[in-house]
Amino acid sequence: MYRLLVVDDLPIIVDGLFELFEQTEHLQLEVMKAYSGEEALEVLSEHRIDIVVSDIKMPGIEGIELLQEIRAQWPACKVIFLTGYNDFQYARNAITYGGFDYILKVESDEKIVQSVERAIEKIEEEQDQVQMITRAQTSMRLALPSLQKEYMWGLLQGKQVTEEQLERAFKELDIRLDAAKPVYLLIARIDAWKEMFTTPDKALLTYALQNICDEYLSAQVKSYSVVFELSKVVWMIQPKTSDEFSFDSSSMDFLRAHRYTSGILETIQGTCKRLLGTTVSFLLGSEVTTWNNLSDRFHASKYGLVQGHGLFNEVILTDKDIQKEETDDKAGSTHDSFYHARVQLLMSCLENNHREQFNKLYVELTAIWNVPGTPNERKIEMYHSLSAVFLYYIHKNRDIRDYMNTQLDLDKLYRYGDSTSWTELIQYYRQMADCFFEWNTLRGTQLPTEVVNKVHRYIEEHLSTDISLTALADYVSLNPSYLSRLYKQMTGIGLSKYVNDYRNLVAKDMLLNTSMKVNEIATALGYNSALAFIRFFKKQNETTPQDFRMARCQSQIQGQ
């Protein structure tokens, strides 16, 4: 309902127009009246007014002056001048100062009503535009974290960009790092999960770790963080201020940033243990890295937490510690921790479906079975280690166990006999790994169908709220662009078309089988105004909702 104010110094005009608009029911107006410009200002100070029909020449405050006051207080208000002065100067002033229409009092009531109808249409059109801009801004704000993460993850995976491109992207995505300066890398890991934790529980705990670290780091440094592999987070860190011409690790600001970050990690560990009930480990880069070398440094560092001392809980390491362990190993110093790290990394490759890396690591580990002079105890230790890797996943998932039972004899995993040679065991475990990777591939072909079904369920349950691409992508934990492509690939139609078709289907059902008003249906379908829904429905069906409902009613009456 819109509020209309009639203003004129002649009571007969005011009362006549008041009665006219009160009787014009289809406009759904709340009509108010004022007998002078001063009285009109009092009404405007107490109420929001959408449309004003005013005389242009009145004692005291005249129409143009009143228009200026209205525009200052209620910019969206539409002012229609109804006057007996057929003077070009009046008309020009009315339009110049933002008047909506200029009508002579000698015109018919129908023309006055038509002018008010046009004013309502203009208001609704402007409201739609404002709402569309607001929705676009809201969607952008909601999508920004996903866009930021996608861009930064691309850099960590090796995307090469120029400094100018990086600077522009940081500005557009509101990433508060300096494209011209290098960064320190910090990697964190949640050491272990409790058995009852579900995937959402794990994600929530990892994001809690991320937020705690962000809070501590923000006190002295600039940083941006990305969650990966569910239990790990990587930060790119710069000092809040830095020397103008010195951007390497010898810069005092960079040294202070590194010193602060290194010193605060133990405090963060304590906070996580106290608040989250879990232990975390860290690996901090000892030197800065440029953006174009970011990916190489990231991949070289992230495995530091799955080998050597990185296998222990609640540790704080630097990449220099990892380099020292590797040097010691090459020099012939054999450490049990290093051996177990390789087995742990093999398990990670199996879990994350990294087949090529698994094969390479498997060859290195099982080489001892063919090396003369290797103690038999070491060979048997390797047998038990590999069996433990595979048994862990077999007992973890019944579907895997059922699939593996159809492919291989699992007895060899439980006991080793002299009748089986080490060469045969190498082949056996390789076949088992192939079965795991094949099972993951088969499962991967089923996942898209599950995603489509989840999307459909979400749309059905949230039709009146947010069913934007960003909301849907967040729900199924996919990138919005990837979800859009996957959906079209699986169904043959675009996601937006499915949403429109489903909305249209529900709209027709509501129009035919309920007594809901058009504006109520619009709200139930997620539209901010009845006009927006009417436009959507007319575009889909080439008729208005009311005409569609009336046509079906008439058809049913005739059928009877």
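The values are calculated or read from the model by the stated rules, or taken from the named source; none is laboratory data. What you are looking at is a predicted structure, and each value in this text was computed from that prediction instead of being measured. Heads up, the Cβs are rebuilt from the backbone with ideal geometry, glycines too, and the neighbour counts pull from every protein chain shown.
Observations
- Looking only at residues in the range 75-90 that are in a loop (DSSP other than H, G, I, E, B) and modelled with pLDDT under 85, the one that is farthest from Lys105 (Cα to Cα) is Asp87.
- Within the range 194-218, residues that are without any contact (Cβ under 8 Å) to a residue 24 or more places away in the chain reach partners that are surrounded by 15 or more Cβ atoms within 10 Å (Cβ to Cβ) and part of a helix (DSSP H, G or I) with beta carbons closer than 8 Å, at six or more positions or on different chains, in the pairs Phe197/Leu205.
- Restricting attention to the range 494-524, the residues being touching a Lys or Arg at 6+ places or on another chain (Cβ under 8 Å) and either over 18 Å from Ser468 (Cβ atoms) or among the aromatic types (Phe, Trp, Tyr) (or both) number 2.
- Flag for Leu66 being in a helix (DSSP H, G or I), among the aliphatic types (A, V, I, L, M) and over 16 Å from Ile123 (Cβ atoms): yes
- Qualifying residue in the range 272-288 (condition: touching a Pro at 6+ places or on another chain (Cβ under 6 Å) and either modelled with pLDDT of 70 or more or over 28 Å from Gln238 (Cα atoms) (or both)): yes
- Residue tally, condition closer than 10 Å to Phe537 by Cα and touching a residue at least 40 places away in the same chain (Cβ under 8 Å), over the range 500-516: 3
- Ser468 vs. criteria surrounded by fewer than 15 Cβ atoms within 10 Å (Cβ to Cβ) and out of contact with any strand residue (DSSP E or B) (no Cβ under 9 Å at 6 or more places or on another chain): no
- A single entry from Arg401, Arg415 fulfils the requirement of being farther than 17 Å from Arg430 by Cβ, touching a helix residue (DSSP H, G or I) at 6+ places or on another chain (Cβ under 6 Å) and either part of a helix (DSSP H, G or I) or modelled with pLDDT under 80 (or both): Arg401.
- Residue within the range 91-109 that is among the charged types (D, E, K, R), farther than 30 Å from Asn528 by Cβ, at pLDDT 85 or above and surrounded by fewer than 16 Cβ atoms within 10 Å (Cβ to Cβ) present: yes
- Listed conditions (1) modelled with pLDDT under 80; (2) within 33 Å of the chain's Cα centre (by Cα); (3) surrounded by 17 or more Cβ atoms within 10 Å (Cβ to Cβ) are all met by Arg297, apart from (1).
- Among the residues making up the range 6-31, those that are aliphatic (A, V, I, L, M) and either out of contact with any helix residue (DSSP H, G or I) (no Cβ under 6 Å at 6 or more places or on another chain) or over 21 Å from Glu69 (Cβ atoms) (or both) are Leu10, Ile12, Ile13, Val14, Leu17, Leu20, Leu27, Leu29.
- Applying the condition of being crowded, with 16+ Cβ neighbours inside 10 Å and among the aliphatic types (A, V, I, L, M) to the range 143-158 and asking which residue is modelled with the lowest pLDDT yields Ala143.
- Filter result for Ala180 (at pLDDT 85 or above and over 18 Å from the mean Cα position of the chain (by Cα)): yes
- Residue pairs whose Cβ atoms lie under 7 Å apart, sitting 6 or more positions apart in sequence or on different chains, and linking a residue in the range 284-295 that is assigned by TED's automatic domain parsing to the domain that holds Ile264 to a partner that is crowded, with 17+ Cβ neighbours inside 10 Å and of a type in the set (S, T, N, Q), are Leu284/Thr261; Leu284/Thr318; Gly285/Ser301; Ser286/Thr318.
- The range 183-224, residues that are at pLDDT below 85 and closer than 30 Å to Thr241 by Cα: none
- Residue under evaluation Asn519, criteria (1) touching a residue at least 40 places away in the same chain (Cβ under 8 Å); (2) loosely packed, with under 15 Cβ neighbours inside 10 Å; (3) assigned to a helix (DSSP H, G or I), criterion not met: (1)
- In the range 118-142, the residues that are modelled with pLDDT of 90 or more and not charged (D, E, K, R): Ala119, Ile120
- Candidate set from the range 186-226 (those that are more than 20 Å from Glu314 (Cβ to Cβ) and of a type in the set (A, V, I, L, M)); member that is surrounded by the fewest Cβ atoms within 10 Å (Cβ to Cβ): Met196
- Test: residue in the range 493-516 that is surrounded by 18 or more Cβ atoms within 10 Å (Cβ to Cβ) and outside any helix (DSSP H, G or I): no
- Any chance Gly84 is touching a Leu at 6+ places or on another chain (Cβ under 9 Å) and not hydrophobic (A, V, I, L, M, F, W, C): yes
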